[in-house]
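What follows is a single structure, written as structure tokens, with notes after it.
What follows draws every value from the coordinates through simple rules; no lab data is involved. Model, not experiment: these values are computed from the prediction. We place every Cβ from the backbone using ideal geometry, glycine too, and count neighbours over all the protein chains shown.
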Amino acid sequence: MLFPLRVWADPDPVEVAARRQLIQDAAAARQAGNHDQALELATRAANIQITPSLMLFIAEESQVLHRDLDALRAAEECLAGAQRDTTIRNREVVITTCTNVINATQGSFGHVTVTAPSPTPEGTQILLGEHVLDPRFWGVAYAVRPGHLQVSASATERVPFRREVDISAGGTASVSVELPTPAPVQSVVVPVQPLVPPVRRPSIVGPVVLMGVGAASLVVGIATGATTSSSVAQLEMACPGRICVDSPELRNQYAGAQTMAAVTNAMTIVGGLLIAGGGAWLVVNLVTSRPRERASLWHITPTVSGYGPGIEGRF
């Protein structure tokens, strides 16, 4: 149960009237035995302004409803307020009654004192578990249930804080919150040895096959050339002075010689081109397979974010 701390330099008449009415209705609900409603109305009044007597009322109603932790917290706030303010009515009665509630309930609970850094960073928030601790309870003993308790804190542009404590019934613990500024990010340059790619052996299978086919074509061209020369020689013998007697046999022999001459030319040209292409391919493979060194630097920069530490870099 938490209430905002309100200090009125110039009280709002509307809020003053609303608070007074809530307190009257809460007293009537208590008189009628409706303690739930009495506590709810008094809590609403405390959300407008807190006074020791109102906190005593809330402590007593919480105790009746067996909400002992709420009763203890309200009674401790009541006692602290009454000890500070010497002008309240029935001050001694309020102090005595609040003390009685504290003595009746505090044995079942522990206390933790959480101290915020000074000066307090902007946007500071302190949590007990998942419960936000109101700033007015910083630096004072605050009632909690016994057991394991996580204290965490955060602030604008500060490193988050987290601490875990174990508190026994009737025991106490103190936690000093630290919210340091993040360490400046520094760039780290790491020299790296030159990267030498693995030696890659040149592939000669393709070029060799290509040149082999070219050589075979040349061999065929040479063979057909020899056959062509033989046919031409026979024709010259059959036609002295290049004057031939027309006959079917002579015509077939002449046509065959022309065909073989064409084949010889084609195979010679193709073979030469294939050998030249295979040789060029082999030279390219030998040149491009030589290893090349490449040196580099890695620029690594550590970073800090809301998700934790990390690194970033340029490779």
- If you take the square roots of the eigenvalues of the alpha-carbon gyration tensor of the range 1-136 and sort them as a ≥ b ≥ c, do you get rounded (a/c under 1.5), prolate (a/b over b/c) or oblate? oblate
- Note on the structure: quick shape note, the range 90-152: Cα extents on principal axes in Å, largest first -> 40, 29, 15
- Note on the structure: Ranked on Cβ counts within 10 Å of their own Cβ, fewest leading, 60, 178 go 178, 60
- With labels modelled as points extended 7 Å from the Cα through the Cβ direction, what inter-label distance (nm, one decimal) is found for residue 215 paired with residue 174? 9.7 nm
- Query: How many nm is it between the label spots at residue 226 and residue 32, if each spot is 7 Å from the Cα in line with the beta carbon?
  - Reply: 13.2 nm
- Item | Dipole-positive endmost among 41, 129, 54 within the range 24-133 (Cβ charges, Cα centre) | 54
- List the residues whose amide H sits under 5 Å from the amide H of residue 111, counting only those 5 or more places along or on another chain, with H placed 1.01 Å from N in the peptide plane. 144, 171, 172, 173
- Message: Given R₀ = 22 Å, what would the calculated FRET efficiency be for residue 239 paired with residue 262, taking r from the Cβ atoms and rounding to 0.05?
- Response: 0.55
- Ranked list, fewest to most other Cβ atoms within 10 Å of each Cβ, for 168, 118: 118, 168
- Exactly which trypsin sites (Lys or Arg not before Pro) in the range 62-166 are in a DSSP loop and have at most 14 other Cβ atoms within 10 Å? 89
